[in-house]
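Student: My questions all concern the structure below.
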4 protein chains.
Amino acid sequence: VTDLEELRDRMQRFTTERDWERFHDPKSLVLALVGEVGELSELLQWLPADQVVDLANSEPLRSRLGEELADVLLYLLRLADVLNIHLGDAARQKMLRSEERFPADQVRSVAPLKFEPYT
Amino acid sequence: VTDLEELRDRMQRFTTERDWERFHDPKSLVLALVGEVGELSELLQWLPADQVVDLANSEPLRSRLGEELADVLLYLLRLADVLNIHLGDAARQKMLRSEERFPADQVRSVAPLKFEPYT
Amino acid sequence: VTDLEELRDRMQRFTTERDWERFHDPKSLVLALVGEVGELSELLQWLPADQVVDLANSEPLRSRLGEELADVLLYLLRLADVLNIHLGDAARQKMLRSEERFPADQVRSVAPLKFEPYT
Amino acid sequence: VTDLEELRDRMQRFTTERDWERFHDPKSLVLALVGEVGELSELLQWLPADQVVDLANSEPLRSRLGEELADVLLYLLRLADVLNIHLGDAARQKMLRSEERFPADQVRSVAPLKFEPYT
């Protein structure tokens, strides 16, 4: 089990111990998040779309992807924390809403271009 | 406690029940992640940097931010899942490496421009 | 001929006439740019990779793509302007460097995974 | 004068001469654009918002910013080109629409939180 709140608190402690809270205003943290999403994109950009899953099973791509995915998660947790938003609660609420909004028997086999899935 | 693996499995079930796996190749999921990060950015872009935390305590901004943060998390979980990468393990490894790489007594009060914090 | 400096000046005039310079600090403009890149991503995210060019020839996708591409360009011009950087000069320098760095007869048919094309 | 169509054609020639068209499908190019926007974000993320313009006047930040801004522009031109969209025309149309949609005497001194400037 990965406890999201435990990770959040560990990031908070990491930040406080280094006196880095001053840099962690929300707009700066969004830019940091964008930076990590950019690194993730660069790993995949020129790979053939239908081979990415296979290629990602081999090193060094596998480890590199793990690092960038982790960076995105850690900055996201930090951002929610400074905004006083409980990310776990927000995610459960969003899942519930999407499950209700897109009844499986109505959207199955429906082209997803007509709507924004999950949002 | 928010169990990250439980959320991941719920997203997987949500996708399978709607027969949407066909859309969830890694490059498409990164684009979806970018879309949600963009919506998050739009909520904050014109706010004065030093007032964001205060403004985010009031509705409707608070709920809107929660939704976008949730969307980013849910697509991130989905992306790691299709890449067969355990996001929780990756995050713990990354935290450990950052804690070792940036000893608190050496980087405290050091301008963060000289290095990339956490990466 | 599209004169990049003319577009830049028109954006500057547009901003000044509305007294919006106060919102256009560089970090806010990057967030605005990210927002537009996110909207562009959302238009393409669920389309089959090999059909995008065809689908983009029909309305309403064609016009929507034009708008988002334009938004990215206009914010990019505004950002370079407030940073006092001549975007046209920077682009010509970058092209020249890439042309020298990647000699056509050496990189042709070379898998682009080994390097970052153009950068 | 920076002729946008000339830059576009130079990027096209650069790509063709290296036989790299195969990598330049629209979704891959958006990911490449996201990668460059991410690098731009990383340059600014921890800088105090009110000092960025000053700091960007000195090297090496100035040259680094110029490179990333150029990369964003060049990928944007390439993306519009493969989508058969005339970026210059799209930008002029968008400017015209924004000028009409936001009359200067109506939006001046109006908090921009109530609307999305320029979009």
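The values are calculated or read from the model by the stated rules, or taken from the named source; none is laboratory data. Nothing here was measured: the structure is a model prediction, and the numbers come from that model. Positions of Cβ are backbone-derived with ideal geometry, glycine not excepted, and every protein chain shown enters the neighbour counts. Surface accessibility is based on the protein's heavy atoms, side chains included, excluding ligands, DNA and RNA. Shrake-Rupley method; radii C 1.70, N 1.55, O 1.52, S 1.80 Å.
Student: Exactly one condition in (1) within 14 Å of chain A (Cβ to nearest Cβ); (2) surrounded by fewer than 21 Cβ atoms within 10 Å (Cβ to Cβ) is false for residue D:98; which is it?
Tutor: Only one criterion is unmet by residue D:98, namely (1).
Student: When you go through (1) surrounded by 15 or more Cβ atoms within 10 Å (Cβ to Cβ); (2) farther than 24 Å from residue B:18 by Cβ one by one for residue A:48, which number turns out not to apply?
Tutor: Status for residue A:48: all satisfied but (1).
Student: Filter segment D:63-95 down to the residues that are more than 7 Å from chain C (Cβ to nearest Cβ) and of a type in the set (Lys, Arg), then identify the one that is nearest to residue D:30 (Cα to Cα).
Tutor: This residue is D:78.
Student: Assess whether residue D:33 counts as being out of contact with any Pro (no Cβ under 6 Å at 6 or more places or on another chain) and over 25 Å from residue A:41 (Cα atoms).
Tutor: Numbers: out of contact with any Pro (no Cβ under 6 Å at 6 or more places or on another chain): yes; over 25 Å from residue A:41 (Cα atoms): no.
Here the answer is no, as residue D:33 does not meet what is asked.
Student: Which residue pairs have Cβ atoms closer than 6 Å, lie 6 or more positions apart in sequence or on different chains, and pair a first residue in segment A:79-93 that is more than 18 Å from residue B:14 (Cβ to Cβ) with a second residue that is in a loop (DSSP other than H, G, I, E, B)?
Tutor: A:82/A:24; A:83/B:56
Student: Still on this model: What is the residue count in segment B:6-42 for residues that are more than 7 Å from every other protein chain (Cβ to nearest Cβ) and open to solvent by 50 Å² or more (accessible area, probe 1.4 Å)?
Tutor: Qualifying residue count, segment B:6-42: 8.
Student: Test residue C:76 against the criterion of being within 27 Å of residue D:62 (Cβ to Cβ) and either open to solvent by less than 10 Å² (accessible area, probe 1.4 Å) or within 16 Å of the chain's Cα centre (by Cα) (or both), and give yes or no. Give the steps one after another, and end with the answer.
Tutor: Working: within 27 Å of residue D:62 (Cβ to Cβ): yes; either open to solvent by less than 10 Å² (accessible area, probe 1.4 Å) or within 16 Å of the chain's Cα centre (by Cα) (or both): yes.
Spelling it out, residue C:76 is indeed within 27 Å of residue D:62 (Cβ to Cβ) and either open to solvent by less than 10 Å² (accessible area, probe 1.4 Å) or within 16 Å of the chain's Cα centre (by Cα) (or both).
Student: Shifting gears a bit: Out of all the residues in segment B:1-32, which are over 24 Å from residue A:39 (Cα atoms) and in a loop (DSSP other than H, G, I, E, B)?
Tutor: Selection gives B:1, B:2, B:18, B:19, B:20.
Student: Cβ-Cβ under 6 Å, sequence separation 6+ or interchain: first residue in segment B:12-26 and acidic (Asp, Glu), partner open to solvent by 80 Å² or more (accessible area, probe 1.4 Å). Which pairs?
Tutor: Close Cβ pairs (under 6 Å, with a partner that is open to solvent by 80 Å² or more (accessible area, probe 1.4 Å)) amount to B:19/A:108.
Student: Considering only helices (runs of 4 or more DSSP H) fully contained in segment A:36-119, which possess at least 1 residues that are at pLDDT 95 or above and touching a helix residue (DSSP H, G or I) at 6+ places or on another chain (Cβ under 7 Å)? If you could, list the steps in order and put the result at the bottom.
Tutor: Working: elements: A:52-55, A:61-82, A:87-101, A:104-107.
By residue number, A:52-55, A:61-82, A:87-101.
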